[in-house]
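Q: Submitted below is the structure of interest, expressed as structure tokens.
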Amino acid sequence: MSDTNEHLDKLMQELRRGTLTIGVLSQLHEPQYGYSLVASLEERNFQVEAGTLYPLLRRLEKQGLLESKWDTNETRPRKYYLLSETGKEVFEQLVEEWKNMVGSLENLLQNKGGS
Amino acid sequence: MELIERYIYAVTHRLPQSQREDIAKELRGLIEDMLEERGQEGHVTEKQVEEVLLELGEPRKLAEKYRGTKRYLIGPELFDHYLMVLKIALISAGVVIGATFIIQVTLDPPSILDSFISLIISTVNGLPMAFGWTTLVFAVIQFVGTKQLNVNLQEKKSWKPSDLPVVPDPKGRVKRGDAIAGIVFYTIFIAIFGFSNEYFGVWFFEDGKFHHVIPFFNEDSYGYYFLFIVLMFGFGIIKECLKLIYGRWTMKIVLFTTIVNIISCIGLLFIIAEPAIWNPNFMNQLVESGLVVAQSEAYDVISFIWEKSTFWLFILWVFGLVWDIVDGYIRVRRSKRSE
């Protein structure tokens, strides 16, 4: 049984890793800083660790999908991230692809083993 | 909170200088946010800090995520080549060290203990040196070449099935063992010619003990020729490496062989034109050592051979080089026959 759990854990990790980017991009039409993003994702039952999200935000910024700005007016300085123009375009297309994928997978699951 | 600063330092000092400050600032903010969520403001216990840091995970792993790539001295794309070259280097070094030991023992059997000690010393010195230099060269290639390699890999995207090389006829295939043996031999020859040319000659033993050598080579002008010899064998090593890389005989290898061999021939011609490479006093020294008597029949024969040997060596050598080219050409033809 623990063997099954182990496999499940690994596969779930891969699934989460694959969907993480699209989930993060979806929440950045308004500027957010890292920890508020963790909170808002968790609120919607989308689990993500801060230690994974922060590096991901930087990577997406480096790739040009996000823009960032430091806000030093609050009690502590925070780096806010926001979708860039390219980011918006990529996100729109990504959502289309995702819907297609969900559709075809749904189709597969309903016709198991071609029966 | 000292612990927080220690954590941030542990993450950021593993990252490029240019990103450290920004990431440190962001991390500090994150940790403070996480602490704030856990307790009343201003009342942060050591235990809560530890909890938060545990949640963020090992600094090494977090830094790895920030970097996005794993770091290595020699990456997976180079590792196969690295292992192969390392094997060749270690075998060559081992054979040279072993051969030196055998020569020393033959020359001077009573001091076998000394020879044995120097065998151990050169093993302890030599093998790590071969290992170190190979590793260094590959590390430099990795460091400098990774970007280049990525570009190459991207260019290869437009790969076509018709690009696949034909399966070569077994006779046109390069045997790995042969090529590696070739490299080892070239290395040994460089070592012998380079560092023990004074032993290259007629050996004299007295009472079973090595006495002296009448060298074939002229020691005064040897340095000049040594360069040529190293170049020739060095090109030989490159040729064997090319064979290893291509895995079969190709026109490129034959072309390279041809060019190298032509240069070798020209170099040999220079040596012939002024045979100062040979020991000019060879015959006199033979007589002095009492091996032959001057003006005897044996003297005439040896003297004749000695004088003509340059010419015949040249002919033999040129023949070998020409055969080398023809042989390569035939192999290429054969390997293409199965097309």
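Q: Residue check: is A:G51 in contact (Cβ under 8 Å) with a residue 60 or more places away in the chain and either surrounded by 12 or more Cβ atoms within 10 Å (Cβ to Cβ) or in a helix (DSSP H, G or I) (or both)? Let's see the steps before the verdict.
A: Numbers: in contact (Cβ under 8 Å) with a residue 60 or more places away in the chain: no; either surrounded by 12 or more Cβ atoms within 10 Å (Cβ to Cβ) or in a helix (DSSP H, G or I) (or both): yes.
Taking the combined requirement at face value, the residue does not satisfy it.
Q: Within the bounds of the range B:75-85, is there any residue that is touching a Leu at 6+ places or on another chain (Cβ under 9 Å) and within 11 Å of chain A (Cβ to nearest Cβ)?
A: no
Q: Residue check: is A:E14 more than 12 Å from the chain's Cα centre (by Cα) and exposed (fewer than 14 other Cβ atoms within 10 Å of the Cβ)? Let's see the steps before the verdict.
A: Details: more than 12 Å from the chain's Cα centre (by Cα): yes; exposed (fewer than 14 other Cβ atoms within 10 Å of the Cβ): yes.
So A:E14 passes the test.
Q: Looking at the range A:60-104 only, could you name the residues that are away from chain B (no Cβ under 14 Å), loosely packed, with under 15 Cβ neighbours inside 10 Å and in a loop (DSSP other than H, G, I, E, B)?
A: Answer for the range A:60-104, where residues must be away from chain B (no Cβ under 14 Å), loosely packed, with under 15 Cβ neighbours inside 10 Å and in a loop (DSSP other than H, G, I, E, B): just A:G64.
Q: Among residues belonging to the range B:300-324 that are without any contact (Cβ under 8 Å) to a residue 60 or more places away in the chain and of a type in the set (D, E, K, R), point out the one that is farthest from B:F216 (Cα to Cα). Steps first, answer last, please.
A: At the first step, the residues of the range B:300-324 found to be without any contact (Cβ under 8 Å) to a residue 60 or more places away in the chain are B:300-320, B:323.
Next, from what is left, pick out any that are of a type in the set (D, E, K, R): B:300, B:307-308.
Numbers: B:D300: 18, B:E307: 12, B:K308: 14 Å.
Here the answer is B:D300.
Q: Inside the range B:23-43, can you point out the residues that are more than 8 Å from every other protein chain (Cβ to nearest Cβ), part of a helix (DSSP H, G or I) and at pLDDT below 90?
A: The answer is B:L35, B:E36, B:E37, B:R38.
Q: Take A:L8 and tell me if it is more than 14 Å from chain B (Cβ to nearest Cβ) and either over 16 Å from the mean Cα position of the chain (by Cα) or among the polar types (S, T, N, Q) (or both). Please lay out each step first, then the result.
A: Details: more than 14 Å from chain B (Cβ to nearest Cβ): yes; either over 16 Å from the mean Cα position of the chain (by Cα) or among the polar types (S, T, N, Q) (or both): yes.
So A:L8 passes the test.
The values are calculated or read from the model by the stated rules, or taken from the named source; none is laboratory data. Just so we're clear, the structure is a prediction, and the values are computed from it rather than from any experiment. With ideal geometry, Cβ positions are generated from the backbone for all residues, glycine too; neighbour counts draw on all protein chains shown.
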